[in-house]
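Here's the structure, in C-alpha cells; my notes come after.
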Amino acid sequence: MNSRMFMKYWIRIIYEMFLLMCVLIVAGIIFRFSSENADESTNTASAMVSPVIQQLEESRENHYVSLPEYYKISEFIRDIGHFIEFGILSVFVYLLIGLHVKRVEIITFGICALYAMSDEIHQIFVAGRGISIVDWVIDCTGASIGIFLLCLITKYIKRVKEKKKRKYER
C-alpha cells in the first residue's frame, strides 16, 4: 500500500467516525428531549416559545396572545422541533450508510422511522408523556425531507462534476 492510498484509507476512517459521532450525538439529543417529564418538556418548550410570543405581541402593538393561541403556537414549535431533529438525523445517517450500501434512501428512512418509533415507545415510561402517532408521522416526514434534500444536493454535485470532467476532456 503506497502512502497516498494509506492516507485515503485513514481519511475515510476518520470521516466515518465523524459521521458516526454525529449520528450518535443527534440521536442522544433526541433521546434527552424525550426523557424529559411533562413539566420539564413544557419548560423547555416555553424557553423556545416565549421569544416567538414576545415578537408576535410586539408586532400586534401589544395585543396579547390568548391562551388558545399560545397553545397552538407552542404545539407548532414543538412539531417543527421534531421535524428538524429527524431531518438532521436522516442527513447524517444517509451520509454514513451511503458509504457502504446502495438504496441508501430506503435504508436511511427505515432506520429513522424505527428510531422515531422507539422514541415514542420510550415516552410511555416517562412521567406525563405518552405515544403520539402524530409526532411519529412528523418525525418520519422530517426524515423524508432531509433525505430528499440530500438526494437533490448529491445529484446536483454529481452533475456539476460531470460537466467539469467533460469540459476538461475536450
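To the nearest 0.05, what FRET efficiency results for Thr154 and Phe76 with a Förster distance of 30 Å applied to their C-beta separation? Mind showing how you got there, number by number?
Numbers: r = 31 Å, r/R0 = 1.02.
E between Thr154 and Phe76, to the nearest 0.05, is 0.45.
Where a Cα-Cα gap under 23 Å defines reach, which lysines qualify for Lys163, not counting those fewer than 8 residues away within the same chain?
Hits, sequence-local ones excluded: Lys155.
Please give the length that would be gained between Ser3 and Leu99 if that part of the chain were fully extended, namely 0.36 nm times their separation in residues minus their C-alpha to C-alpha distance (nm, one decimal). Could you put the intermediate results ahead of the total?
Working: separation 96, 0.36 × 96 = 34.56 nm, distance 2.21 nm.
In short, 32.4 nm is gained.
Please give the per residue accessible area of region 11-56, computed with a probe of 1.4 Å over protein heavy atoms only, in Å². Provide the component values of the computation, followed by the final result.
On the way: 2890 Å² over 46 residues.
The answer is 63 Å² per residue.
Give the distance, in whole Å, between the Cα centre of region 42-64 and the Cα centre of region 78-152.
Cα centroid to Cα centroid, the span is 28 Å.
Based on DSSP H runs of at least 4 residues, each adding -39500 (n - 2.57), what is the mean residue ellipticity at 222 nm of the chain after dividing by all its residues, to the nearest 500 deg cm²/dmol?
Working: 5 runs with 141 residues, N = 170.
Here the helix-only value at 222 nm equals -30000 deg cm²/dmol.
Taking the mean number of other Cβ atoms within 10 Å as a proxy for protection, how do you rank 2-11, 83-92, 108-117, 131-140 from highest to lowest? Please list the in-between numbers first.
Numbers: 2-11: 9.4, 83-92: 22.4, 108-117: 18.7, 131-140: 16.5.
Answer by packing, highest mean first, reads 83-92, 108-117, 131-140, 2-11.
Residue by residue through region 99-104, which ³J(HN,Hα) values in whole Hz follow from phi under the Karplus form 6.51 cos²θ - 1.76 cosθ + 1.60 (θ = phi - 60°), with glycine and proline marked x?
6, 10, 9, 9, 6, 4
When all C-alpha to C-alpha distances in the chain are sorted into bins of 10 Å, what percent of pairs does each bin hold, rounded to whole numbers?
It works out to 9, 27, 27, 19, 11, 5, 1, 0, in whole percents.
The values are calculated or read from the model by the stated rules, or taken from the named source; none is laboratory data. Not measured: the values here are computed from a predicted model. Counting neighbours? That spans all protein chains shown, and the Cβs are built from the backbone with ideal geometry, glycine included. We work out accessible area using only protein heavy atoms, side chains counted, and drop any ligands, DNA or RNA first. Shrake-Rupley method; radii C 1.70, N 1.55, O 1.52, S 1.80 Å.
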